[in-house]
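Asker: A single structure is presented below for examination.
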């Protein structure tokens with residue numbers, strides 16, 4: 001597929017990495033010639049230098065023959081104009097726009113036809129939703145939702161206190177005492193699809209499939225239940241902070257927001273009357289202590305500077321704050337978080353990439369396209385939810401009699417709103433949905449792609 005990406009920032013570059021791996025023809029558009037040159041050296045793509053909302057620039061990028069345009073610049077207005085212009089030049093093109101300003105969201109949905117927008121995405125809002133989910137179950141490192149929230153894939157790290165240390169997988173159910181499936185283990189940077197004899201060890205990161213109603217029991221039986229989050233300190237009042245505060249203000253959580261910019265403080269106080277917004281420097285540790293950091297249940301570092309977020313999170317960990325969450329916008333968290341205690345790391349650009357990749361794959365295969373895609377195990381594997389269609393092979397056949405491709409695992413079957421962690425006797429039929437976990441070696445566009 002021929003795809004134009006407008007904007008070569010962190011979101012654009014992340015998409016370029018993913019979409020070139022999947023074999024698409026990419027054209028990156030930006031005014032920054034140095035940035036374009038750097039991306040050409042890294043990825044197999046073409047470039048067009050210039051204003052991405054200009055007709056001439058889009059024409060030079062081949063908009064007339066492109067199937068999709070993704071506008072990812074930091075300017076909502078520029079992204080909207082870019083999509084409008086592209087749609088004017090090519091009525092058949094699909095357009096995706098990054099929109100981060102809360103004031104624009106409803107307007108974009110209402111006027112999507114006028115803007116020529118097929119889909120809009122908001123990395124900041126997705127990050128806020130992810131953080132809220134981590135606050136609800138602080139014992140998990142990460143949570144990904146499937147089947148309209150009925151199924152989760154959660155990440156658990158085995159430390160020196162874990163009940164799962166040195167336990168073979170075949171014995172795990174005697175400890176967790178609920179139906180789960182360990183679908184992937186990340187060990188020394190390598191994703192492993194484990195067998196029953198696989199022995200878990202300290203430092204492993206487990207990716208576990210479980211029905212949502214089993215999450216509390218799973219945490220309790222593993223001894224991971226930490227105190228309920230009631231008092232939160234948030235550092236930074238940007239877009240992610242606003243969206244998160246909007247969610248939390250009605251959750252009976254004592255929320256204190258630290259923001260350096262006075263004007264931003266005043267604006268947020270007006271928008272969120274239930275939140276406690278304080279003007280102050282997130283990098284001033286004495287100030288944070290005076291505001292009660294040590295008594296907080298959670299510290300969330302959301303400033304616009306990755307380095308500051310990392311430093312404040314390290315300090316929060318040193319102060320033994322029970323839950324620390326770090327937003328990383330530019331730095332690749334997977335390369336730094338293994339050996340640095342940053343707590344839970346949230347990357348807005350990676351979250352939105354899942355949404356766009358799902359849309360792109362659906363364009364290629366609309367009939368049986370995935371309904372949900374999440375990258376897990378630091379991007380070494382994918383968890384994908386597929387509908388079982390009329391032409392899906394091996395319906396009503398026990399899984400033990402079906403030969404799957406290597407590194408493929410059926411992690412869950414959902415039928416009529418009920419979820420099943422499958423065994424060898426389980427089967428699927430039309431109308432069901434399957435969650436499949438695979439390595440990133442091959443792209444799965446359809447459920448039939450999992451069979452050998």
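Asker: Considering only residues that are in contact (Cβ under 8 Å) with a residue 60 or more places away in the chain and assigned to a loop (DSSP other than H, G, I, E, B), which ones fall in segment 373-393?
Answerer: Answer for segment 373-393, where residues must be in contact (Cβ under 8 Å) with a residue 60 or more places away in the chain and assigned to a loop (DSSP other than H, G, I, E, B): just 380.
Asker: While we're on this one: I'd like the residue in segment 399-417 that is under 14 Å from residue 434 (Cα atoms) and out of contact with any strand residue (DSSP E or B) (no Cβ under 9 Å at 6 or more places or on another chain) and, out of all such residues, is surrounded by the most Cβ atoms within 10 Å (Cβ to Cβ).
Answerer: Across segment 399-417, the extreme among qualifying residues is 417.
Asker: Moving on to the next point. Would you say residue 44 is crowded, with 17+ Cβ neighbours inside 10 Å, more than 19 Å from residue 94 (Cβ to Cβ) and either touching a helix residue (DSSP H, G or I) at 6+ places or on another chain (Cβ under 9 Å) or at pLDDT 95 or above (or both)?
Answerer: Numbers: crowded, with 17+ Cβ neighbours inside 10 Å: no; more than 19 Å from residue 94 (Cβ to Cβ): yes; either touching a helix residue (DSSP H, G or I) at 6+ places or on another chain (Cβ under 9 Å) or at pLDDT 95 or above (or both): yes.
The answer is no for residue 44.
Asker: Between 154, 176, which is buried (at least 18 other Cβ atoms within 10 Å of the Cβ), outside the structural domain of residue 297 (by TED's automatic domain parsing), touching a helix residue (DSSP H, G or I) at 6+ places or on another chain (Cβ under 6 Å) and on the phi < 0 side of the Ramachandran plot? Let's see the steps before the verdict.
Answerer: Working: 154 fails: touching a helix residue (DSSP H, G or I) at 6+ places or on another chain (Cβ under 6 Å).
Testing whether each residue is buried (at least 18 other Cβ atoms within 10 Å of the Cβ), outside the structural domain of residue 297 (by TED's automatic domain parsing), touching a helix residue (DSSP H, G or I) at 6+ places or on another chain (Cβ under 6 Å) and on the phi < 0 side of the Ramachandran plot leaves just 176.
Asker: Here are the criteria: (1) modelled with pLDDT of 90 or more; (2) in a loop (DSSP other than H, G, I, E, B). Tell me which single one residue 370 does not satisfy.
Answerer: (1)
Asker: Mind listing whichever residues of segment 268-323 are within 21 Å of residue 123 (Cβ to Cβ) and part of a strand (DSSP E or B)?
Answerer: 300, 301
Asker: Consider residue 78 against the criteria (1) farther than 23 Å from residue 304 by Cα; (2) surrounded by fewer than 19 Cβ atoms within 10 Å (Cβ to Cβ); (3) in contact (Cβ under 8 Å) with a residue 24 or more places away in the chain: it satisfies all of them except one. Which criterion is unmet?
Answerer: So residue 78 meets the others, but not (1).
Asker: Can I ask one more? I need the strands (runs of 3 or more DSSP E) fully contained in segment 1-85, keeping only those with at least 2 residues that are closer than 22 Å to residue 99 by Cα. Give the steps one after another, and end with the answer.
Answerer: Working: elements: 2-6, 25-30, 46-49, 68-71.
Hits in segment 1-85: 2-6, 25-30, 68-71.
Asker: Is it the case that residue 330 is closer than 21 Å to residue 131 by Cα, at pLDDT below 90 and surrounded by fewer than 21 Cβ atoms within 10 Å (Cβ to Cβ)?
Answerer: Working: closer than 21 Å to residue 131 by Cα: yes; at pLDDT below 90: yes; surrounded by fewer than 21 Cβ atoms within 10 Å (Cβ to Cβ): yes.
Yes; evaluated as a whole, the condition is true for this residue.
Asker: Sticking with this structure for a sec: Please work out which one of (1) crowded, with 22+ Cβ neighbours inside 10 Å; (2) closer than 30 Å to residue 118 by Cβ is the condition residue 430 fails and give its number.
Answerer: Just one mismatch for residue 430, condition (1).
Asker: A further question on this structure: For segment 188-220, give me each residue that is more than 19 Å from the chain's Cα centre (by Cα), buried (at least 19 other Cβ atoms within 10 Å of the Cβ) and assigned to a strand (DSSP E or B).
Answerer: 211
Asker: Tally up the residues in segment 191-219 that are without any contact (Cβ under 8 Å) to a residue 60 or more places away in the chain and either in the same structural domain as residue 384 (by TED's automatic domain parsing) or more than 22 Å from residue 171 (Cβ to Cβ) (or both), please. Can you show your working first?
Answerer: Step one: filter segment 191-219 for residues without any contact (Cβ under 8 Å) to a residue 60 or more places away in the chain, giving 192, 194-204, 206, 208, 213-214, 217.
Remaining after also requiring either in the same structural domain as residue 384 (by TED's automatic domain parsing) or more than 22 Å from residue 171 (Cβ to Cβ) (or both): 213.
So the answer is 1.
The values are calculated or read from the model by the stated rules, or taken from the named source; none is laboratory data. Only a predicted model underlies this, so the values are computations on that prediction, with no experimental measurement involved. Cβ coordinates were reconstructed from backbone atoms using ideal geometry, including for glycine residues, and neighbour counts include every protein chain displayed.
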